[in-house]
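First up is the structure itself, then whatever we jot down about it.
The values are calculated or read from the model by the stated rules, or taken from the named source; none is laboratory data. Keep in mind it's a predicted model, so treat the numbers as computed, not measured. When we count neighbours, we look across all protein chains shown, and the Cβ atoms used for this are built from the backbone with ideal geometry, even at glycine.
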Amino acid sequence: MNVIKSLKNLNTFDRCLWALSVTVVVISYFLGSRDGLMSLAASVTGVSALIFVAKGDVLGQVMTVIFSVLYGLVSWTFRYYGEMITYLCMTAPSAVMAVISWLRHQQGDGGEVEVGHMKKLELHFMLILTAAVTFVFYFILKFFNTANLAISTVSIATSFSASYLVFRRNRFYAVAYGLNDIVLIIMWIIASFENPKYLPMVLCFIMFLINDMYGFISWSKMKKRQEKA
(Lines give C-alpha, C1' and ligand atoms only; values in the text may rest on other atoms or scores of the structure.)
Protein backbone atom coordinates (compact mmCIF):
# COMPACT_ATOMS: atom_id res chain seq x y z
CA MET A 1 0.00 0.00 0.00
CA ASN A 2 1.44 3.32 -1.13
CA VAL A 3 -0.45 6.44 0.04
CA ILE A 4 1.27 8.73 -2.47
CA LYS A 5 0.41 6.36 -5.31
CA SER A 6 -3.18 6.12 -4.07
CA LEU A 7 -3.50 9.90 -4.19
CA LYS A 8 -2.02 10.07 -7.69
CA ASN A 9 -4.53 7.45 -8.90
CA LEU A 10 -7.45 9.79 -8.15
CA ASN A 11 -8.86 11.50 -11.21
CA THR A 12 -10.31 15.01 -11.34
CA PHE A 13 -13.84 13.83 -10.53
CA ASP A 14 -12.57 11.82 -7.53
CA ARG A 15 -10.77 14.85 -6.14
CA CYS A 16 -13.78 17.12 -6.67
CA LEU A 17 -16.16 14.66 -5.01
CA TRP A 18 -13.74 14.23 -2.11
CA ALA A 19 -13.38 18.02 -1.68
CA LEU A 20 -17.14 18.49 -1.86
CA SER A 21 -17.78 15.73 0.70
CA VAL A 22 -15.27 17.11 3.19
CA THR A 23 -16.50 20.68 2.67
CA VAL A 24 -20.11 19.70 3.35
CA VAL A 25 -19.36 17.93 6.64
CA VAL A 26 -17.01 20.70 7.83
CA ILE A 27 -19.61 23.39 7.09
CA SER A 28 -22.25 21.37 8.92
CA TYR A 29 -19.96 21.29 11.94
CA PHE A 30 -19.72 25.08 12.09
CA LEU A 31 -23.44 25.52 11.46
CA GLY A 32 -24.34 23.26 14.36
CA SER A 33 -22.99 22.85 17.87
CA ARG A 34 -19.19 22.86 17.83
CA ASP A 35 -18.72 20.42 20.71
CA GLY A 36 -19.12 17.39 18.45
CA LEU A 37 -15.49 17.30 17.30
CA MET A 38 -15.42 13.50 17.26
CA SER A 39 -18.49 13.47 15.00
CA LEU A 40 -16.65 15.78 12.62
CA ALA A 41 -13.52 13.61 12.68
CA ALA A 42 -15.59 10.48 12.00
CA SER A 43 -17.43 12.18 9.14
CA VAL A 44 -14.29 13.45 7.41
CA THR A 45 -12.56 10.08 7.80
CA GLY A 46 -15.63 8.24 6.52
CA VAL A 47 -16.17 10.24 3.34
CA SER A 48 -12.44 10.12 2.62
CA ALA A 49 -12.41 6.33 2.99
CA LEU A 50 -15.25 5.93 0.49
CA ILE A 51 -13.33 7.76 -2.23
CA PHE A 52 -10.56 5.17 -2.10
CA VAL A 53 -12.95 2.24 -1.65
CA ALA A 54 -14.72 3.38 -4.83
CA LYS A 55 -11.38 3.15 -6.62
CA GLY A 56 -10.80 -0.37 -5.32
CA ASP A 57 -7.83 0.92 -3.31
CA VAL A 58 -6.95 -0.92 -0.09
CA LEU A 59 -6.22 2.44 1.58
CA GLY A 60 -9.98 2.90 1.73
CA GLN A 61 -10.33 -0.19 3.92
CA VAL A 62 -7.56 0.99 6.25
CA MET A 63 -9.40 4.28 6.67
CA THR A 64 -12.66 2.37 7.21
CA VAL A 65 -11.13 0.74 10.29
CA ILE A 66 -10.33 4.18 11.72
CA PHE A 67 -13.79 5.47 10.84
CA SER A 68 -15.46 2.48 12.48
CA VAL A 69 -13.73 3.17 15.79
CA LEU A 70 -14.59 6.88 15.74
CA TYR A 71 -18.18 6.26 14.65
CA GLY A 72 -18.63 3.59 17.31
CA LEU A 73 -17.62 6.08 20.00
CA VAL A 74 -19.98 8.74 18.61
CA SER A 75 -22.84 6.22 18.59
CA TRP A 76 -22.13 5.33 22.21
CA THR A 77 -22.68 8.95 23.29
CA PHE A 78 -26.26 8.86 21.97
CA ARG A 79 -27.05 5.32 23.16
CA TYR A 80 -27.11 3.96 19.61
CA TYR A 81 -25.64 0.77 21.01
CA GLY A 82 -26.58 -1.11 17.85
CA GLU A 83 -24.38 1.17 15.78
CA MET A 84 -21.61 1.04 18.37
CA ILE A 85 -21.61 -2.77 18.51
CA THR A 86 -22.00 -3.09 14.74
CA TYR A 87 -19.08 -0.85 13.84
CA LEU A 88 -16.70 -1.83 16.65
CA CYS A 89 -17.43 -5.56 16.63
CA MET A 90 -18.40 -6.18 13.01
CA THR A 91 -17.49 -3.43 10.54
CA ALA A 92 -14.00 -2.74 11.95
CA PRO A 93 -12.96 -6.44 12.07
CA SER A 94 -14.51 -6.96 8.61
CA ALA A 95 -12.50 -4.02 7.27
CA VAL A 96 -9.31 -5.56 8.70
CA MET A 97 -10.16 -8.84 6.96
CA ALA A 98 -10.93 -6.89 3.78
CA VAL A 99 -7.48 -5.27 3.92
CA ILE A 100 -5.90 -8.73 3.91
CA SER A 101 -8.23 -9.99 1.17
CA TRP A 102 -7.72 -6.95 -1.06
CA LEU A 103 -3.93 -7.09 -0.67
CA ARG A 104 -4.01 -10.72 -1.79
CA HIS A 105 -6.15 -9.95 -4.83
CA GLN A 106 -4.51 -7.04 -6.62
CA GLN A 107 -5.15 -6.40 -10.30
CA GLY A 108 -1.96 -5.50 -12.17
CA ASP A 109 0.50 -2.91 -10.89
CA GLY A 110 -1.99 -0.12 -10.28
CA GLY A 111 -2.98 -1.27 -6.81
CA GLU A 112 -6.57 -1.88 -7.93
CA VAL A 113 -8.38 -4.76 -6.25
CA GLU A 114 -9.62 -7.65 -8.36
CA VAL A 115 -13.42 -7.57 -8.47
CA GLY A 116 -14.85 -10.78 -7.00
CA HIS A 117 -17.76 -12.93 -8.13
CA MET A 118 -20.40 -14.69 -6.03
CA LYS A 119 -22.42 -17.75 -7.02
CA LYS A 120 -26.11 -18.07 -6.14
CA LEU A 121 -25.35 -20.59 -3.39
CA GLU A 122 -23.08 -18.13 -1.60
CA LEU A 123 -25.65 -15.37 -2.04
CA HIS A 124 -28.28 -17.53 -0.35
CA PHE A 125 -25.80 -18.31 2.42
CA MET A 126 -25.16 -14.58 2.94
CA LEU A 127 -28.89 -13.82 3.17
CA ILE A 128 -29.49 -16.61 5.69
CA LEU A 129 -26.48 -15.54 7.75
CA THR A 130 -27.62 -11.91 7.65
CA ALA A 131 -31.08 -12.90 8.89
CA ALA A 132 -29.59 -14.97 11.72
CA VAL A 133 -27.21 -12.22 12.84
CA THR A 134 -29.99 -9.62 12.73
CA PHE A 135 -32.30 -11.85 14.78
CA VAL A 136 -29.69 -12.35 17.49
CA PHE A 137 -28.69 -8.70 17.57
CA TYR A 138 -32.30 -7.59 17.97
CA PHE A 139 -32.44 -9.14 21.43
CA ILE A 140 -28.97 -7.87 22.31
CA LEU A 141 -29.98 -4.32 21.39
CA LYS A 142 -33.26 -4.67 23.24
CA PHE A 143 -31.40 -5.80 26.35
CA PHE A 144 -29.25 -2.65 26.26
CA ASN A 145 -32.34 -0.45 25.79
CA THR A 146 -31.03 0.82 22.45
CA ALA A 147 -32.52 4.07 21.18
CA ASN A 148 -34.78 3.66 18.11
CA LEU A 149 -34.60 -0.13 18.31
CA ALA A 150 -36.43 -0.91 15.05
CA ILE A 151 -34.21 1.33 12.91
CA SER A 152 -31.08 0.13 14.69
CA THR A 153 -32.04 -3.48 13.93
CA VAL A 154 -32.50 -2.72 10.23
CA SER A 155 -29.08 -1.08 10.27
CA ILE A 156 -27.58 -4.33 11.56
CA ALA A 157 -28.91 -6.21 8.53
CA THR A 158 -27.69 -3.71 5.94
CA SER A 159 -24.30 -3.26 7.62
CA PHE A 160 -23.63 -6.97 7.90
CA SER A 161 -24.52 -7.72 4.28
CA ALA A 162 -22.41 -4.77 3.11
CA SER A 163 -19.42 -5.90 5.18
CA TYR A 164 -19.70 -9.41 3.76
CA LEU A 165 -19.82 -8.11 0.19
CA VAL A 166 -16.81 -5.82 0.77
CA PHE A 167 -14.79 -8.77 2.05
CA ARG A 168 -15.80 -10.79 -1.01
CA ARG A 169 -14.85 -7.85 -3.26
CA ASN A 170 -18.32 -7.71 -4.79
CA ARG A 171 -19.53 -4.51 -6.46
CA PHE A 172 -22.96 -4.79 -4.83
CA TYR A 173 -21.34 -3.80 -1.54
CA ALA A 174 -22.18 -0.24 -2.60
CA VAL A 175 -25.88 -1.04 -2.96
CA ALA A 176 -25.99 -2.59 0.52
CA TYR A 177 -24.13 0.36 2.02
CA GLY A 178 -26.43 2.73 0.14
CA LEU A 179 -29.43 1.16 1.87
CA ASN A 180 -27.57 1.41 5.16
CA ASP A 181 -26.86 5.10 4.47
CA ILE A 182 -30.58 5.79 4.12
CA VAL A 183 -31.27 4.07 7.44
CA LEU A 184 -28.51 6.03 9.17
CA ILE A 185 -29.65 9.35 7.71
CA ILE A 186 -33.02 8.76 9.39
CA MET A 187 -31.37 7.73 12.66
CA TRP A 188 -29.13 10.76 12.93
CA ILE A 189 -31.87 13.18 11.89
CA ILE A 190 -33.78 11.95 14.92
CA ALA A 191 -30.67 12.40 17.07
CA SER A 192 -30.05 15.91 15.71
CA PHE A 193 -33.51 17.05 16.78
CA GLU A 194 -32.42 16.36 20.36
CA ASN A 195 -28.86 17.66 20.02
CA PRO A 196 -27.60 19.69 17.02
CA LYS A 197 -24.03 18.48 17.52
CA TYR A 198 -25.02 15.33 15.60
CA LEU A 199 -25.85 17.32 12.45
CA PRO A 200 -22.46 16.48 10.87
CA MET A 201 -23.42 12.80 11.04
CA VAL A 202 -26.60 13.48 9.02
CA LEU A 203 -24.70 15.30 6.26
CA CYS A 204 -21.94 12.72 6.55
CA PHE A 205 -24.28 9.90 5.57
CA ILE A 206 -25.92 11.97 2.83
CA MET A 207 -22.45 12.28 1.32
CA PHE A 208 -21.89 8.58 2.06
CA LEU A 209 -24.95 7.81 -0.06
CA ILE A 210 -23.63 9.90 -2.96
CA ASN A 211 -20.21 8.29 -2.65
CA ASP A 212 -21.66 4.77 -2.53
CA MET A 213 -23.68 5.48 -5.69
CA TYR A 214 -20.43 6.53 -7.32
CA GLY A 215 -18.73 3.45 -5.88
CA PHE A 216 -21.19 1.12 -7.60
CA ILE A 217 -20.68 2.87 -10.93
CA SER A 218 -16.91 2.79 -10.49
CA TRP A 219 -16.81 -0.90 -9.56
CA SER A 220 -19.10 -1.80 -12.46
CA LYS A 221 -16.61 -0.15 -14.81
CA MET A 222 -13.74 -1.92 -13.03
CA LYS A 223 -15.47 -5.26 -13.50
CA LYS A 224 -15.96 -4.73 -17.25
CA ARG A 225 -12.39 -3.49 -17.67
CA GLN A 226 -10.92 -6.45 -15.80
CA GLU A 227 -13.04 -8.95 -17.71
CA LYS A 228 -11.75 -7.55 -21.01
CA ALA A 229 -8.19 -7.72 -19.73
Being out of contact with any Asp or Glu (no Cβ under 7 Å at 6 or more places or on another chain), assigned to a helix (DSSP H, G or I), closer than 16 Å to LEU40 by Cβ and at pLDDT below 85 is the filter here; which residues of region 185-223 pass it?
TRP188, ALA191, SER192, PRO196, TYR198, LEU199, PRO200, MET201, VAL202, LEU203, CYS204
Checking ASN145 against (1) at pLDDT 85 or above; (2) not in a helix (DSSP H, G or I), the condition it does not meet:
(1)
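Does region 159-174 contain any residue that is exposed (fewer than 15 other Cβ atoms within 10 Å of the Cβ), modelled with pLDDT of 85 or more, in a loop (DSSP other than H, G, I, E, B) and charged (D, E, K, R)?
Our first condition is that a residue be exposed (fewer than 15 other Cβ atoms within 10 Å of the Cβ); within region 159-174, this holds for none.
The answer is no; no qualifying residue exists.
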Checking MET126 against (1) crowded, with 20+ Cβ neighbours inside 10 Å; (2) over 13 Å from the mean Cα position of the chain (by Cα); (3) under 20 Å from SER220 (Cβ atoms), which single condition isn't satisfied?
(1)
Can you say whether LEU73 is out of contact with any Lys or Arg (no Cβ under 6 Å at 6 or more places or on another chain), in contact (Cβ under 8 Å) with a residue 60 or more places away in the chain and assigned to a helix (DSSP H, G or I), as far as the supplied structure shows?
no
Single condition MET84 does not satisfy, out of (1) in contact with a Gly (Cβ under 6 Å, 6 or more places away or on another chain); (2) over 18 Å from ILE206 (Cα atoms); (3) modelled with pLDDT of 85 or more
(3)
Quick one: LEU59 ticks every box in (1) in contact (Cβ under 8 Å) with a residue 40 or more places away in the chain; (2) crowded, with 24+ Cβ neighbours inside 10 Å except a single one, so which number is it?
(2)
Per the filter on region 54-70, residues in a helix (DSSP H, G or I) and of a type in the set (Gly, Ala, Ser) are ALA54, GLY60, SER68
Does GLY178 count as surrounded by 13 or more Cβ atoms within 10 Å (Cβ to Cβ), over 28 Å from SER75 (Cα atoms), under 19 Å from the mean Cα position of the chain (by Cα) and not basic (Lys, Arg)?
no
